[in-house]
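What follows is a short report on a single structure.
The values are calculated or read from the model by the stated rules, or taken from the named source; none is laboratory data. In this text the structure is predicted, and so the values were computed from the model without any measurement. Methodologically, a virtual Cβ is constructed for each residue, glycine included, from the backbone with ideal geometry; neighbour enumeration extends over all protein chains shown.
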């Protein structure tokens, strides 16, 4: 009868059953925790489970049978707590001192800090891998490295989803400037406080195996991180000091940068048709010319890749070896006061009777003069830092110093630039102004539509950031080329110094200038007018 009365009291109340259920749930959770603890330390698990269950059943039975709900509650809590306290004292005698439970504020704070640290690890989007190959603990709490790691994580969260190639960090005494390079364009980031910027450089140097105390010399190291949703990433770090402060260059996943095959370089079909017979001759020299950071090495490697390295002896002489080509013998140019001049290093390679030689960057006349005497027997691929084919032609003639020798040694000149490709997901079509088309020597009748970058897509009539380009409007880069092919007639004009006639001869043979190739890609919808303007007029703006 008393139990029925207690049930009636519970059923007539809204919050009493809820409170009863909460107490039972908490009791069950603690009993489960104690069960796991007893199993871990090999305590009398079955005995204590029986004690807790027996005490619990007694306590909750009394609570239900006592007619006064609020009298039964403290009695129930007292009985259940007595079982927990008993286990606590028993446990303290059986486990090592460092594993004992301490009923103190410090113990509670320690547990709180541990839980907070665990939450920090779970929420971290960037985790640095230590020298031993194991993930490091993400700084948390009052660790002074917390703002340093957060600044680095924010930087990575911006750079990696947008396929950045490089990050530059320049820390001075007053602030730290950061730039992210994506598809050849620099995207400045918000400046950091000086101490955070320097702290970030030291933090990364330490885990990349670079001497943190050395702030002057140029030092390199490798760093690995784990990024949420993107897996393991590898960075090549280069640090050096200057009068302005400390600098850090982060090359992102340089090992994943794929080599382009010749067919993937992006020449127009007509340019490929003009160049192919010269390439098949396997004689003379092919000059590859462009300003810095415009893909010269990729084109040189793409041309060398047409040759079979197992039937032909292929050698390179480069300032920096960016990739190891299979079957090709790479040679790095020796620098320093004790190093031989570059022309002597090239002469030593020629004694090894190569069939193909790649010279990464022609920098002096003595080296250029080594090439013509051998051009009837082998192929040279020569890189030059020039702006276009005709400028490179004049520089080549001046370097060789003899017009007939310069002429007979030339097979072709390939000038190039890299332009960003429009993101096909968010690019916007528009009807171009006929006046603009006329300035570009394009026919308004033939060009009805062009494209421009956007960076946004419409979702339910609302603009949102493009998921593919992350709001940049461009995704990846492509080459635009100017191909100057020399036949016997062209070499005769060059040997006679008839440059004006030579220019007319090339135009008659349908030579495309850089701007014409770029506009062809614009009409095809692969890039934009604003992009080719940025690239082709970039040097002029820098000079002004």
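At a glance:
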read-out	value
Test: residue in region 244-251 that is surrounded by fewer than 18 Cβ atoms within 10 Å (Cβ to Cβ), modelled with pLDDT under 95 and assigned by TED's automatic domain parsing to the domain that holds residue 168	yes
Which numbered condition residue 374 fails, given (1) under 37 Å from the mean Cα position of the chain (by Cα); (2) under 25 Å from residue 290 (Cα atoms); (3) surrounded by fewer than 21 Cβ atoms within 10 Å (Cβ to Cβ)	(1)
Enumeration of residues in region 304-319 that are under 26 Å from the mean Cα position of the chain (by Cα) and within 22 Å of residue 264 (Cβ to Cβ)	305, 318
Residue 110 vs. criteria modelled with pLDDT under 85 and surrounded by 12 or more Cβ atoms within 10 Å (Cβ to Cβ)	yes
Residue 544 vs. criteria more than 29 Å from the chain's Cα centre (by Cα) and either farther than 26 Å from residue 271 by Cβ or at pLDDT 95 or above (or both)	yes
Single residue of 379, 394, 352 found to be exposed (fewer than 14 other Cβ atoms within 10 Å of the Cβ), in contact with a strand residue (DSSP E or B) (Cβ under 8 Å, 6 or more places away or on another chain) and assigned by TED's automatic domain parsing to the domain that holds residue 411	352
Subset of region 482-492 (residues that are within 44 Å of the chain's Cα centre (by Cα) and either outside the structural domain of residue 404 (by TED's automatic domain parsing) or without any contact (Cβ under 8 Å) to a residue 24 or more places away in the chain (or both))	487
Filtered residue count, region 220-255, keeping only those that are touching a strand residue (DSSP E or B) at 6+ places or on another chain (Cβ under 8 Å) and free of Cβ contacts under 8 Å to residues at least 40 places away in the same chain	14
Subset of region 188-221 (residues that are more than 22 Å from residue 174 (Cα to Cα) and surrounded by 15 or more Cβ atoms within 10 Å (Cβ to Cβ))	206, 207, 208, 210, 219, 221
Candidates 28, 50, 59, filtered to the one that is modelled with pLDDT under 90, in a helix (DSSP H, G or I) and in the same structural domain as residue 74 (by TED's automatic domain parsing)	59
Residue identified as within 20 Å of the chain's Cα centre (by Cα) and either surrounded by fewer than 19 Cβ atoms within 10 Å (Cβ to Cβ) or closer than 18 Å to residue 225 by Cβ (or both) among 145, 160	160
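Rundown of residues vs (1) surrounded by 11 or more Cβ atoms within 10 Å (Cβ to Cβ); (2) more than 37 Å from the chain's Cα centre (by Cα); (3) assigned to a loop (DSSP other than H, G, I, E, B); (4) not assigned by TED's automatic domain parsing to the domain that holds residue 164, yes/no style:
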{"residue": "437", "(1), (2), (3), (4)": "yes, yes, no, yes"}
{"residue": "448", "(1), (2), (3), (4)": "no, yes, yes, yes"}
{"residue": "468", "(1), (2), (3), (4)": "yes, no, yes, yes"}
{"residue": "494", "(1), (2), (3), (4)": "yes, yes, no, yes"}
{"residue": "500", "(1), (2), (3), (4)": "no, yes, no, yes"}
